[in-house]
1. Filtering the stretch 38-51 down to residues that are farther than 18 Å from ARG99 by Cα and more than 11 Å from the chain's Cα centre (by Cα), which residue is modelled with the lowest pLDDT?
2. So, GLU97, is that one at pLDDT 90 or above, among the acidic types (Asp, Glu) and out of contact with any Asp or Glu (no Cβ under 7 Å at 6 or more places or on another chain) or not?
3. Residue by residue through the stretch 65-96, note down the ones that are outside any helix (DSSP H, G or I), charged (D, E, K, R) and open to solvent by 70 Å² or more (accessible area, probe 1.4 Å).
4. Looking at (1) more than 30 Å from ILE12 (Cβ to Cβ); (2) surrounded by 12 or more Cβ atoms within 10 Å (Cβ to Cβ); (3) modelled with pLDDT of 95 or more, can you tell me which one GLN103 breaks?
Amino acid sequence: MDKFAYLDAMNITRWLSADKPLKPYLVLHDLDADLSDQTFINDVLGLLDVEIDQCEFDCEMVKGPQVIWDMRKIKTRPRVAWIVSAPLTELHAQADEKRQLWQQISQYLDKTQPLSKGEPNEQH
């Protein structure tokens, strides 16, 4: 049995070194996730205005960093990620999953970016 799976099953948290400062953002993925497509990951994070070097990648929530992307097969509560998607392998294989991801990114950007002076205002 994988020792991390054993510790997770017993609800034992992993030790983190105080010497290594935590990064401000967290990307959640499955234990068996294929994260080799760094270009796609960089593109998604870039749209969120986040550098990959600012992110921790882990299979479970870690206290401290803000969860910005949850790409696990089974999502757990509380759902606090900025965007939620299927794992990368499913994103590449299913156009509908990718479309949903891009819609979430668009909605996130609409909420975080103020209107520029040249854009029409809905209030009259």
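1. The selected residue is GLN38.
2. no
3. Residues of the stretch 65-96 that are outside any helix (DSSP H, G or I), as a first pass: 65-87, 94.
From what is left, the residues that are charged (D, E, K, R) are 70, 72-73, 75, 77, 79.
Result: LYS73, ARG77, ARG79.
4. (2)
The values are calculated or read from the model by the stated rules, or taken from the named source; none is laboratory data. Computed from a predicted structure; not experimentally measured. Because the Cβ atoms are built from the backbone with ideal geometry, glycine has one as well, and the counts that use them run over all protein chains shown. Quick note on the areas: whole protein, heavy atoms, side chains included, nothing else; ligands and nucleic acids left out. Shrake-Rupley method; radii C 1.70, N 1.55, O 1.52, S 1.80 Å.
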